[in-house]
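Undergrad: First, the structure itself, so that you have it in front of you.
Each value in this text was obtained by applying a stated rule to the coordinates, not by laboratory testing. Every value quoted in this text rests on a predicted model; they were computed, and no experiment measured them. In this analysis, Cβ positions are derived from the backbone assuming ideal geometry, glycine residues included, and neighbour counts consider all displayed protein chains.
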Amino acid sequence: MSRINQALRELQSIDELAGGGSPVHRFSPLSKLLVTVGYILTVMSFPKYALSELFLMILYPVCISVLSGIELRRAVKQVRYVLPLVMAVGLFNPLLDRAVVMYLGNIPVSGGFLSLVSLMMKGVFCLLASFFLISTTPADRLFASLRKIHMPAGIVTLLLLTWRYITVLGEEAAVMMTAYHLRAPEQKGLHWRAWGSFIGQLLLRTMDRGSELYESMQLRGYQGDFPAVRQDPFRLKDLLYVLGWVGCFIVLRKYNIAALIGRGAGI
C-alpha cells in the first residue's frame, strides 16, 4: 500500500473512531471542545522550566484514552507526522540559553535544554488532546459546536470543507502516483525532474474536481453556510464534565503536585 493510500486509510479510521459509543463519545461536542481548549491553554501557560508540574498534565490524555477505549499508542501513531515539526520548534534553545539551572548528579543541565524538553512536551500533549477530540466527536457535530460559540460561519465552513475534502486531494494524488509507477515501474518514488509537472497536474485535477463538488453543493441548496446538523443538548452531565476537568487543570496549574508527593514520600 502506498503512503498516500495509507494516509487516506488513517483519516477514514479517525471518522470511524468518532462514531464509537464510549462514555466520552456520549458527552456533547461542546463540552469536549471547551475542555480541550481549556487543557491546551493550561498546558501552554506553564513556565518553560516547570517540567515536573507540566508532566502531570499527561493525566488528561491518559484518562481520555482509558474512558474512550482508544489506545494512547494509537494516538501517538496517528500524530507521528506532526511530531518532528513540534520537536523542531525549540531545537536551537540549548545553543541560545546555556546557563546552568540544575544538576542531574554531576551533569549540568542548561536552561535551553529544559526549555526544549518543555516545548516538546507541550506540543505532544496538545496534539494528543486535539486527536482525542476529533476521534471522539463526529466532524459535523464538532464544527456545529464551533458555531455555538459564535465562531464566524465562513471560518467554520472553511475548516469543515478542508477536513472533508482533503481526501479528494489524496485520491487524485494516489491516482497520479499509480499512473506514474505504471509508466516507470523501476523508478522508486517520484523523480525530482517530474515534481513540477506532477504538482501542476495535481493542482489542475483538484481544481476541476473541486468545481464539480461546488456545483453539486449549489444544486443541493448551498448558499454560503451548511444546514444546521443535529444539535446536541448541553445537559447537566456535560456541565459537570467541563467543571470537573477545568477544576483539575486549575489545581495542576496552581500547585506543584509532584513536589507535594515527593515531600510526602520523603524524597
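Undergrad: Nothing charged except the Cβ atoms of Lys and Arg (+1) and of Asp and Glu (-1): what's the magnitude of the dipole of the chain about its Cα centre? Round to the nearest 20 debye.
TA: Numbers: 27 positive and 16 negative charges, 105 e Å.
In total the dipole reaches around 500 debye.
Undergrad: Now a separate question. Compute the acute angle (0 to 90°) between the alpha-carbon long axis of helix 236-254 and the principal axis of greatest extent of the alpha-carbon atoms of the chain; round to the nearest 10°.
TA: Tilt of helix 236-254: around 50 degrees.
Undergrad: How large is the convex hull of the Cα atoms of the stretch 186-225 per residue, expressed in Å³ as a whole number?
TA: On the way: hull volume 3.9 nm³, N = 40.
Per residue, the Cα convex hull of the stretch 186-225 comes to 98 Å³.
Undergrad: A further question follows. Quick one: which of Lys148/Lys237; Lys48/Lys148; Lys148/Lys254; Lys77/Lys122; Lys77/Lys188; Lys48/Lys237 span more than 28 angstrom between C-alpha atoms? Please report the intermediate quantities before stating the final value.
TA: Numbers: Lys148/Lys237 18 Å; Lys48/Lys148 34 Å; Lys148/Lys254 30 Å; Lys77/Lys122 17 Å; Lys77/Lys188 25 Å; Lys48/Lys237 35 Å.
Pairs exceeding 28 Å: Lys48/Lys148; Lys148/Lys254; Lys48/Lys237.
Undergrad: When every alpha-carbon pair in the stretch 152-227 is counted, what percent end up more than 16 Å apart?
TA: On the way: 1725 of 2850 pairs.
Distances greater than 16 Å cover 61 percent of the Cα pairs.
Undergrad: Same structure, new question: Mind sorting Glu16, Glu186 by how few other Cβ atoms lie within 10 Å of their own Cβ, fewest first?
TA: Numbers: Glu16 9, Glu186 5.
The most exposed by this proxy come first: Glu186, Glu16.
Undergrad: Quick one: compute the contact order of the stretch 1-88, relative version, from alpha carbon pairs under 8 angstrom and 6+ residues apart, as a percent. Walk me through the numbers on the way to the answer.
TA: On the way: 20 pairs, mean separation 27.6, N = 88.
About 31 percent, as a whole number.
Undergrad: Which residues does the label zone of Lys237 cover in the stretch 21-43, counting backbone N under 11 Å from a point 7 Å along Cα→Cβ?
TA: In the stretch 21-43, the label zone of Lys237 (backbone N under 11 Å from the point 7 Å along Cα→Cβ) covers 22-28.
Undergrad: Taking the beta-carbon count within 10 Å as an exposure proxy, list Cys248, Cys63 from fewest neighbours to most.
TA: Details: Cys248 18, Cys63 14.
Going from sparsest to densest Cβ surroundings: Cys63, Cys248.
Undergrad: Further question: To make sure I understand, if each residue's beta carbon is the centre and we count other beta carbons within 10 Å, what order do Lys122, Lys32, Lys148 fall in, fewest to most? Show your work: numbers first, answer last.
TA: On the way: Lys122 21, Lys32 26, Lys148 14.
Arranged by neighbour count, lowest to highest, Lys122, Lys32, Lys148 become Lys148, Lys122, Lys32.
Undergrad: What is the set of long-range amide H partners of Asp97 at a cut-off below 5 Å, with H atoms built 1.01 Å from backbone N?
TA: When sequence neighbours closer than 5 places are left aside, the close amide H contacts are Gly112.
Undergrad: Under a crude label model (7 Å from the Cα following the beta-carbon direction), how far is Thr157 from Val175 in nanometres?
TA: The modelled label-to-label distance comes out at 2.6 nm.
Undergrad: Further question on the same structure: Taking 0.36 nm per residue of sequence separation and subtracting the Cα-Cα distance, how much length would be gained by fully extending the chain between Leu213 and Leu85, in nm to one decimal? Kindly include the intermediate steps, with their values, before the conclusion.
TA: On the way: separation 128, 0.36 × 128 = 46.08 nm, distance 3.24 nm.
Going from the current span to full extension adds 42.8 nm.
Undergrad: Next question, about the same structure. Specify the angular offset, from 0 to 90 degrees and rounded to the nearest 10, of the alpha carbon long axis of helix 139-148 from the longest principal axis of the alpha carbons in the chain.
TA: Rounded to the nearest ten degrees, it is 70.
Undergrad: What's the angle, to the nearest 10 degrees (0 to 90), between helix 29-44's Cα axis and the longest principal axis of the chain?
TA: Compared with the principal axis, the helix lies near 50 degrees.
Undergrad: What chymotrypsin sites (Phe, Trp or Tyr not before Pro) in the stretch 1-102 are in a loop by DSSP, with at most 11 other Cβ atoms within 10 Å of the Cβ? Walk me through the numbers before you get to the answer.
TA: Working: sites: Phe27, Tyr39, Tyr49, Phe55, Tyr81, Phe92; in loops: Phe27, Tyr49, Tyr81, Phe92.
For chymotrypsin sites (Phe, Trp or Tyr not before Pro) across the stretch 1-102 that sit outside H, G, I, E and B with at most 11 neighbouring Cβ atoms in 10 Å, the list reads Tyr81, Phe92.
Undergrad: Here's a follow-up. Quick one: work out Rg over Rh on the C-alpha atoms of the chain, Rh as Kirkwood radius. Present the calculation step by step, with values, prior to reporting the outcome.
TA: Numbers: Rg = 22.7 Å, Rh = 21.8 Å.
Reported Rg/Rh (Cα atoms, Kirkwood Rh): 1.04.
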